[in-house]
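Student: Dumping the structure here so I can ask a few things about it.
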């Protein structure tokens with residue numbers, strides 16, 4: 001069904017854009033540009049600009065003056081996210097109405113609607129719970145999951161591809177699944193770094209604070225139930241905790257480089273070489289952006305690009321897993 005495929009393409013691109021907007025809002029310190037949800041200072045459309053609107057906003061939200069540039073960033077992100085949600089609901093409706101013509105189960109689009117619903121709740125809690133790290137990280141992962149499901153649905157609309165046989169296919173599937181897993185874990189670690197503002201806890205590379213193993217407090221750093229910038233008991237989050245968060249992401253990057261890099265090397269055979277080159281390119285760009293963030297002290301464009309790189313690497317790894325899954329189905 002042509003309309004269904006077109007909507008999936010648009011939704012996938014929009015999901016990628018929403019991820020970038022979310023990163024831009026978070027990294028430009030505009031996550032609380034609007035103190036309420038879903039509107040902004042009580043307005044569903046726009047932000048308070050006129051003098052009487054700003055006066056009313058101050059009365060409704062004492063101590064929270066309107067910062068128009070931050071508020072607009074947050075609202076633009078919400079508008080795009082809302083548009084994506086409506087588009088996904090339409091995709092699910094079409095999947096149910098035309099599942100016979102599509103020859104596909106409508107349950108995965110329905111699951112995607114549920115994911116978007118949870119994302120909306122996480123977006124609200126991000127504001128109402130004042131950027132609690134576990135909520136912000138979960139919101140980022142929800143965005144990546146939304147993109148992944150859309151990519152999977154889009155890939156289901158295409159058929160064909162090279163096949164491998166027997167043990168070779170099974171071994172490659174295991175390697176590809178492991179690569180997808182470590183990329184997902186690394187994205188979660190990156191989200192934890194971002195939500196705790198630990199990106200500059202180590203300002204040098206490849207060492208951290210001048211040594212390979214600095215002093216770190218993993219228990220405090222990876223305590224989930226706490227407020228932003230605080231430990232579980234309400235004290236200020238220590239530098240050793242921030243270092244542990246940052247160092248863990250670096251170590252995860254090393255693991256991803258080894259596993260995904262090895263997969264790209266394995267795919268040097270002519271029939272799989274394009275996949276190997278694509279994986280290698282996505283990996284090298286992402287690693288380069290991560291290093292640049294450290295050495296250049298987290299410039300906003302590079303930091304946003306690093307989030308985009310994570311989404312691209314995830315999508316490419318997922319797409320290759322789909323290719324192997326499809327090959328396995330055909331072989332069976």
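Student: Looking for whichever is surrounded by 20 or more Cβ atoms within 10 Å (Cβ to Cβ), under 20 Å from residue 180 (Cα atoms), in the same structural domain as residue 184 (by TED's automatic domain parsing) and in contact (Cβ under 8 Å) with a residue 12 or more places away in the chain here; the options are 256, 304. Which one fits?
Tutor: None of the others qualify; the one that does is 256.
Student: Taking the options 66, 47, name whichever one is farther than 17 Å from residue 126 by Cβ, touching a strand residue (DSSP E or B) at 6+ places or on another chain (Cβ under 6 Å) and assigned to a loop (DSSP other than H, G, I, E, B).
Tutor: Numbers: 66 fails: touching a strand residue (DSSP E or B) at 6+ places or on another chain (Cβ under 6 Å).
It is 47.
Student: Here is a follow-up. State yes or no: is residue 172 surrounded by 18 or more Cβ atoms within 10 Å (Cβ to Cβ), in contact with a helix residue (DSSP H, G or I) (Cβ under 7 Å, 6 or more places away or on another chain) and outside any loop (DSSP other than H, G, I, E, B)?
Tutor: Numbers: surrounded by 18 or more Cβ atoms within 10 Å (Cβ to Cβ): yes; in contact with a helix residue (DSSP H, G or I) (Cβ under 7 Å, 6 or more places away or on another chain): yes; outside any loop (DSSP other than H, G, I, E, B): yes.
Spelling it out, residue 172 is indeed surrounded by 18 or more Cβ atoms within 10 Å (Cβ to Cβ), in contact with a helix residue (DSSP H, G or I) (Cβ under 7 Å, 6 or more places away or on another chain) and outside any loop (DSSP other than H, G, I, E, B).
Student: While we're here: Does residue 237 satisfy the condition of being surrounded by 14 or more Cβ atoms within 10 Å (Cβ to Cβ) and within 11 Å of residue 179 (Cβ to Cβ)? Outline the logic, then answer.
Tutor: On the way: surrounded by 14 or more Cβ atoms within 10 Å (Cβ to Cβ): yes; within 11 Å of residue 179 (Cβ to Cβ): no.
So residue 237 does not fit the description; no.
Student: Does residue 57 satisfy the criteria of being surrounded by 19 or more Cβ atoms within 10 Å (Cβ to Cβ), out of contact with any helix residue (DSSP H, G or I) (no Cβ under 9 Å at 6 or more places or on another chain) and either without any contact (Cβ under 8 Å) to a residue 24 or more places away in the chain or under 30 Å from residue 149 (Cα atoms) (or both)?
Tutor: Details: surrounded by 19 or more Cβ atoms within 10 Å (Cβ to Cβ): yes; out of contact with any helix residue (DSSP H, G or I) (no Cβ under 9 Å at 6 or more places or on another chain): yes; either without any contact (Cβ under 8 Å) to a residue 24 or more places away in the chain or under 30 Å from residue 149 (Cα atoms) (or both): yes.
Yes.
Student: With the condition kept exactly as written, say whether any residue in segment 277-286 is without any contact (Cβ under 8 Å) to a residue 12 or more places away in the chain and either surrounded by fewer than 21 Cβ atoms within 10 Å (Cβ to Cβ) or out of contact with any helix residue (DSSP H, G or I) (no Cβ under 8 Å at 6 or more places or on another chain) (or both). Full working, then the answer.
Tutor: Restricting attention to segment 277-286, the residues satisfying the condition of being without any contact (Cβ under 8 Å) to a residue 12 or more places away in the chain are 281, 284.
Still in the list and also either surrounded by fewer than 21 Cβ atoms within 10 Å (Cβ to Cβ) or out of contact with any helix residue (DSSP H, G or I) (no Cβ under 8 Å at 6 or more places or on another chain) (or both): 281, 284.
Yes, segment 277-286 contains at least one residue that is without any contact (Cβ under 8 Å) to a residue 12 or more places away in the chain and either surrounded by fewer than 21 Cβ atoms within 10 Å (Cβ to Cβ) or out of contact with any helix residue (DSSP H, G or I) (no Cβ under 8 Å at 6 or more places or on another chain) (or both).
Student: Still on this structure, please answer the following. Just to be sure I understand the filter: pairs with C-beta atoms under 8 Å, separated by 6 or more residues or on different chains, first member in segment 259-276 and in the same structural domain as residue 186 (by TED's automatic domain parsing), second member in a loop (DSSP other than H, G, I, E, B). Which pairs pass?
Tutor: 271/162; 272/162; 273/267; 275/267; 276/267; 276/268
Student: Among the residues of segment 202-234 satisfying the criterion of being loosely packed, with under 14 Cβ neighbours inside 10 Å and under 22 Å from the mean Cα position of the chain (by Cα), which is nearest to residue 248 (Cα to Cα)?
Tutor: Per the criteria, the residue is 224.
The values are calculated or read from the model by the stated rules, or taken from the named source; none is laboratory data. Please read all numbers here as calculations on a predicted model, not as lab measurements. Cβ sites come from the backbone with ideal geometry, for glycine too, and all protein chains shown count toward neighbours.
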